[in-house]
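Presented below is the structure to which this report refers.
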Amino acid sequence: MCYNYNMEKCDFCGICLSRCPTLHLPIREARAEIEKLVREGESKVLNRCSTCFACDILCPNGCNPCGLILERWHEQHLRKGRPVRAGYFMPCVFPNLWSFVLDRLPKNEKSLVRSWGKPSECQEILYPGCSVIITDYLTQTELLSKLEIKGSLEYCCGEMYYRMGMFEQVELIGKRLEDFFKVLGVRKVITACPACCDMLTNVLPAFGAKFRFEVESLLQWIWRKVKEGEIRFTSRVKKLATIHDSCHGKVLGKGFLELPRRLLEAVGIEVVEMRPSGMESPCCGIGAGFSPTSGFHPLHIQMASVRRLNEARRTGAEILVVYCAGCLLMFSVAKLLYPIRMPVYHLLEILQMAIGEKPLRHQASRAMKLVIGVLRHQFPKLLSWKRLRTPQLVMESSRNSALQGAFLYRDSVDRNTCS
């Protein structure tokens, strides 16, 4: 699925924008705005969209209206660039949100993450993605003990660039990952987050990346191991929970969204749904920063995250469960600024309890590091008029790719085969 907008199928019905979980436009206004996007290339939608992909799913004609929004953002970026503050949230610009946290991890965790970046031939790997790299404690469980984890910040999947409409970066990242996986010689990649699964399966190949391996989401892998009897739940986790669904999880389909619910039911948890949820679920908050106008303004992101926390609280559930480490980080930060009693758990932590393990629960400390990083590196740029341009970002990304690529190829002569 490429998300390219199909104008020939579009009849400007406005359903996509009227049922959007972020915009909620009246139907007449929705019709007018989608027509303005097509005819004039401008609309207030471009300032408020969070690219949660709900409009693609809601469109009765399969037009992929989110593709139109991304294309308009791409055009804006080429003309005007992004506010300089946006650079702190971009994996190819250093220092960034992730590198700040990574530099401040405890020694044992930093050593663990460093080991993930060392090249070795592996037929099957768990690809962590940026967010799991800074929530590495989630992987310290018997559930994942048989998986070899490989990845680093330099080899992110490019999900954020894609959702910003920065297509030049996406194409560059696809080529970089193609080389990375060739060095490892992988035949199967298990993705820790739904975003990585969608990017490796659908998006990056549409931008020219040629991957010659099977892709499976970690949720799919865990559910398969449960059915095969390799993972057994020995403890019941009797709680009332609500689930926040990943934006990319919706793209992967209804069957994918059923997996976390099946797993929670299998360990004794009763699920009460938020409104909206499932295929119409809004973004966790990070998407509020993707537009060229926002440029990852922290106020926009936090307001969106707090709204979602309020929706979770109104369900009356005891806990909020996510299955994306990025969502976990966003809600953990929001809870620092807007404390509510409802704890936020990653699904892996729930499953840990179900096999008799005690989760490490470092959410609050990671969230605090993120806030400190934003205060130090992004807040001083909030009033700056400077802009980030595509050539500058491509050059920076290429430089990091060359450095990391040299590291990989230099060390690949001493590969150890993964057991």
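A short reminder: the numbers here are calculations on the coordinates, not readings from a lab. As the structure is a prediction and not an experimental result, all values here were calculated from the model. Here the Cβ is made from the backbone with ideal geometry for all residues, glycine too, and neighbour counts use every protein chain on show.
In region 198-264, what GluC sites (Glu not before Pro) fall in a loop by DSSP, with at most 14 other Cβ atoms inside 10 Å? Walk me through the numbers on the way to the answer.
Values: sites: 214, 216, 228, 230, 258; in loops: 230.
Answer in residue order: 230.
Within the straight-line cut-off of under 12 Å between alpha carbons, the aspartates and glutamates reachable from residue 358 are 142, 349, sequence neighbours fewer than 8 places apart in one chain being disregarded.
Shown for 107, 118: other C-beta atoms within 10 Å of each C-beta, ranked fewest to most, produce the order 107, 118. Note that region 196-201 has calculated 3J(HN,Hα) couplings of 5, 4, 5, 5, 6, 7 Hz, one per residue in order, obtained from phi through the Karplus relation 6.51 cos²θ - 1.76 cosθ + 1.60 (θ = phi - 60°); glycine and proline are x.
For a test of the definition: using alpha carbon positions, the gyration tensor, and the 1.5 limit on a/c, classify region 87-407 as rounded, prolate or oblate.
Values: a/c = 1.59, a/b = 1.16, b/c = 1.36.
Oblate shape, in that a/c is at least 1.5 and b/c is the bigger or equal ratio.
Give the residues of region 87-119 whose amide nitrogen is closer than 16 Å to a point set 7 Å from the Cα of residue 389 in the direction of its Cβ. Under cut-off, by backbone N: nothing. Do you know the relative contact order of the chain, to the nearest whole percent, from alpha carbon pairs under 8 angstrom that are 6+ apart? Value for the chain: 22 percent. When the chain is treated as a Gaussian network with alpha carbon springs shorter than 10 Å, the biggest mean-square fluctuation among 289, 81, 356 belongs to 356. Dipole of the chain (Lys/Arg Cβ +1, Asp/Glu Cβ -1, origin at the Cα centre): which of 284, 260, 74 lies farthest to the positive side? Farthest towards the positive end: 284.
Computed per residue of the chain from DSSP H runs no shorter than four, each worth -39500 (n - 2.57), the mean residue ellipticity at 222 nm is -13500 deg cm²/dmol.
As an equivalent ellipsoid, region 250-337 spans semi-axes of 24, 15, 11 angstrom, where each value is the square root of five times an eigenvalue of the C-alpha gyration tensor, largest first. Once you've got the Cα coordinates, tell me which of 44/369; 150/227; 9/188; 110/175 are over 29 Å apart. Beyond 29 Å between Cα atoms: 44/369; 9/188.
Partner lysines whose Cα lies under 17 Å from the Cα of residue 386, excluding those fewer than 8 positions away in the same chain, are identified as 80. The Kirkwood radius of region 209-262, taken over pairs of alpha-carbon atoms, gives through the Stokes-Einstein law at 10 °C and 1.306 mPa s a diffusion coefficient of 119 µm² s⁻¹.
In this simple spin-label model, placing a label point 7 Å from the Cα along the Cα-to-Cβ direction at both residue 230 and residue 94 gives a separation of 3.5 nm. Candidate cross-link partners of residue 250 among the aspartates and glutamates, defined by an alpha-carbon separation under 18 Å and a same-chain spacing of 8 or more, comprise 56, 159, 198, 216, 258, 273, 280.
Under a Gaussian network description of the chain, with springs only between Cα atoms under 10 Å, the residue in 117, 253, 326 that fluctuates furthest is 253.
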